[in-house]
Amino acid sequence: MTVSMIITSTVQPGKRSDVHALWLEHLASAAEANDAQKVVVWCDDNADPDTFHLFEIYDGMESMGANAQSPAFADYMQAVMPFMAGEPTVAMGTPTWSKGI
């Protein structure tokens, strides 16, 4: 069953572009190569310059779990931890309709 995840993270003041650069360095190519990770969207928050959102769709819970255990994700997490301003919030869902995917 397809599953989606929306992650909202807040970073230290002025560090969102640094975290985005690390995301591109560590995870963008891994996401492009992962056929089970159907959609990944990075969104800068318009109201808070220190917040971003990630929207991801996977072909199932197993695929999402495997992605979270990948070396690329571990490397990314290690690199971004000094920039984070707390734990992210994570919302899980089941996509039931979309446009453009």
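Read-outs throughout are calculated quantities, based only on the coordinates presented, and are distinct from any laboratory measurement. Just so you know, these numbers come straight off a predicted model, no measurement behind them. Positions of Cβ are generated from backbone atoms using ideal geometry, with glycine treated the same way; all protein chains shown enter the neighbour counts.
With a simple spin-label model that places each label point 7 Å from the Cα along the Cα-to-Cβ direction, the separation between Cys43 and Asp75 comes to 2.9 nm.
Quick check: from the Cα gyration tensor, does segment 26-100 come out rounded (a/c under 1.5), prolate or oblate? Taking the square roots of the gyration eigenvalues as a ≥ b ≥ c, segment 26-100 is oblate.
Within the chain, no helix built from a complete DSSP H run reaches 20 Å or longer along its own axis (Cα positions) while carrying a mean Kyte-Doolittle hydropathy of 1.0 or higher.
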